[in-house]
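Notes for the one structure printed next.
Read the figures in this text as sums done on the coordinates, not as results from a lab. Computed from a prediction, not measured in an experiment: that's the story for all the values here. Please note: Cβ atoms are built from the backbone with ideal geometry, for glycine as well, and neighbour counts cover all protein chains shown.
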Amino acid sequence: MRLFLAIAAAVAAAAGLPVQPARTVVHFGHLWDGGKMLDEVNITIDGDTITSVAAGAKGPSDAVDMSRYTAIPGLIDLHTHITYYWDRKPGTRPLGQPRRRPAVTVFLAQDNARRTLETGVTTIRDLGASGDTDYAMRDLVALGAMPGPRMFVAGQGISAGRGWTPNPPALAKQAEDRINAGSDWVKVYASRGSFDSVDTTQTLTFDELKAIVDAAHALNHKVAIHSYGASGVRDAVRAGADSVEHGVEIDDDTFAEMVKRGTVWVPTIDHNRYYVDARDEYGFKPEAIPPLEEYIRKNLESTARAFKAGVKLGMGSDAVYTMFGQNTRELEWFVKAGMTPAQALATATTIPAELLDRKDRLGRIAPGFAADLVAIDGHPLENVHDVVAGVRWVMKDGKMVVQR
Ligand SMILES: [Zn+2]
């Protein structure tokens, strides 16, 4: 273990990353620890871990002075595609770029990783990539060789191809293959719908979803199921999905079932707002815009009902290409859906930490937790927009990764 740490430090130094002294004290004017607000707080960090949080005291003379700011825990984005990279070259578009070799994609996608860290997101669940690029990025970040959020990844999503006939055992086998190849999570597409298409057509049956979930759970891995339409969400929940991505017009019985099972719903409202805003970049046809706007309205309506029903909601941006840097705008939709800013922050801290089986390590500022801290200029518990626009400094695993 000591040898591994020495190697990791050497790799970090070679990559030009800051190697922090072993013990650091950071002093914040205010701090939201994932549950409550504290004032005049000293956080002691040993290596990559918080060892104490003490309120009501002046900072020691060697403390990092963050007294102007409010600290919140490093945020978790539950739905990204961080290897979807576009260089913004004039005359090209994000979709239909020339093919790149996987290593080139991984190298270029560092830009998405940097933009993500700048939003205060220090952990992502990446739900779909090709060419093993997400495995490579996850491993490079974990080594300290690439700056970026810690990654939980799914590899290639499982979907029904054109002309697919239902085949539960074949899909169970695919789930096992993904896990054996290195996926932390299994991602399943149970419906159509992506980019400018809001097609809600279900593409996998309940029996197929159940076969995938059972196969993954037998290997102690979790499953995220994509469904734009209500029937796919209903079947995904009853098949035992750990999280469900997207969805509109979801019925109350399905919400009740989510509450009973503890299923996390990741509605990804903001990603369609992004597609509307980025329509020219993508070259979307004007006819595509009203259905996207309609989907946003229905998505928000279902989110408000889900929240009222007590469903666990998770912040997922579904960021691709130029959306990195906007990862946390979903929080503002959650406030529109009826949450307080603290409740919205829970969707990006404590709720996803539990979903990722890291509730004792991520999503809070407390002894024993990873030293992931975000300094906010403003009042995050009064105005969630301050979280979206007020990030000034980010620490991940005890190392400063953003300073503005
Ligand atoms: Zn996605």
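Relative to the longest principal axis of the C-alpha atoms of the chain, give the angle of the C-alpha long axis of helix 206-218, reported between 0 and 90° and rounded to the nearest 10°. Taking the Cα atoms of the chain, the angle to 206-218 is about 30 degrees. Diffusion coefficient (Stokes-Einstein, Kirkwood radius over C-alpha pairs, 10 °C, 1.306 mPa s) for region 302-344: 144 µm²/s, rounded to a whole number.
Of the residues ALA370, ALA57, ALA113, the one that moves most in a GNM of the chain with alpha-carbon contacts below 10 Å is ALA57.
From the Cα gyration tensor of region 329-398, with a ≥ b ≥ c the square roots of its eigenvalues, which class applies: rounded if a/c is under 1.5, or else prolate if a/b is larger than b/c, or else oblate? Here region 329-398 falls in the oblate category.
For region 245-398, compute Rg over Rh where Rg is the Cα radius of gyration and Rh is the Kirkwood radius from the inverse mean 1/r over Cα pairs. Could the numbers behind the result be given before it?
Working: Rg = 16.4 Å, Rh = 16.6 Å.
Over the Cα atoms of region 245-398, Rg/Rh equals 0.99.
Checking the a/c ratio against 1.5 first, then a/b against b/c, what shape does the Cα gyration tensor give for region 95-169? It comes out prolate by the Cα gyration axes.
Please check which bits of region 378-404 a label hung off ARG361 would reach, taking the label as a point 7 Å along Cα-to-C-beta and the cut-off as backbone N under 16 Å. Taking a point 7 Å out along Cα→Cβ of ARG361, the residues of region 378-404 whose backbone N falls under 16 Å are 396-399.
Remark: SER67, SER227 ranked as SER67, SER227, counting other beta-carbon atoms within 10 Å and listing the fewest first. Summing charges over neighbours of ILE351, with a neighbour being any other residue whose Cβ is under 10 Å away from its Cβ, gives +1 when K and R count +1 and D and E count -1.
Convex hull of alpha carbon positions in region 21-80: directionally averaged projected area 5.0 nm².
Annotation for region 161-231 versus region 326-404: alpha-carbon center distance of 29 Å.
In the elastic network of the chain, a GNM with C-alpha springs shorter than 10 Å, the most mobile of GLU332, GLU281, GLU118 is GLU281.
Select from ARG358, ARG100, ARG279 the residue whose mean-square fluctuation is largest in a Gaussian network model of the chain (Cα-Cα springs shorter than 10 Å). Looking only at ARG358, ARG100, ARG279, the largest GNM fluctuation is found for ARG100.
Calculate, in nm to one decimal, what PHE195 and ALA22 gain on full extension: separation in residues at 0.36 nm each, minus their alpha carbon distance.
Numbers: separation 173, 0.36 × 173 = 62.28 nm, distance 4.49 nm.
Extra length available between PHE195 and ALA22 comes to 57.8 nm.
Mean residue ellipticity at 222 nm, helices only, the chain: -10500 deg cm²/dmol; runs of at least 4 DSSP H residues each add -39,500 (n - 2.57), and the sum is divided by the number of residues. Dipole check for region 194-293: with +1 at the C-beta of Lys and Arg, -1 at the C-beta of Asp and Glu, and the Cα centre as origin, the magnitude is about 360 Debye.
In summary, the aspartates and glutamates within cross-link reach of LYS285, defined as a Cα separation below 12 angstrom excluding same-chain residues under 8 places away, comprise ASP196.
Here the scattering of region 68-128 is modelled by Debye summation over its C-alpha atoms, one equal scatterer each and no solvent; at q = 0.11, 0.25 Å⁻¹ the log10 of I(q)/I(0) is -0.33, -1.11. Based on the Kirkwood approach, the hydrodynamic radius assigned to the chain is 21.6 Å, with every pair of different Cα atoms included.
Extension gain, VAL335 to SER67, is 93.8 nm, computed as 0.36 nm per intervening residue step minus the present C-alpha separation.
Which pairs, out of LYS173/LYS222; LYS187/LYS210; LYS210/LYS359; LYS173/LYS210; LYS222/LYS359; LYS359/LYS399, put more than 19 Å between their alpha-carbon atoms? Cα-Cα > 19 Å for LYS210/LYS359; LYS359/LYS399; rest within. Within region 171-219, the ratio Rg/Rh, alpha carbon atoms throughout and Rh by Kirkwood, equals 1.05.
Going toward the positive end of the dipole of the chain, with +1 on Lys and Arg Cβ and -1 on Asp and Glu Cβ, which of MET37, VAL153, ILE351 do you reach last? Working it through, the farthest residue towards the positive pole turns out to be VAL153. The per residue volume of the convex hull around the alpha-carbon atoms of region 81-205 is 134 Å³. Where a ≥ b ≥ c are the square roots of the eigenvalues of the C-alpha gyration tensor, would you call region 255-305 rounded, which needs a/c under 1.5, or, failing that, prolate if a/b is larger than b/c, or oblate? Because a/c hits 1.5 or more and a/b exceeds b/c, region 255-305 counts as prolate. Since only VAL26, VAL388, THR268 are under comparison, the one whose Cα sits farthest along the positive direction of the charge dipole of the chain, derived from C-beta charges on Lys, Arg, Asp and Glu, is VAL26.
For MET66, MET400, MET323, MET315, what ranking results if the residue with the fewest other Cβ atoms within 10 Å of its Cβ goes first? Walk me through the numbers before you get to the answer.
Working: MET66 22, MET400 16, MET323 25, MET315 29.
The most exposed by this proxy come first: MET400, MET66, MET323, MET315.
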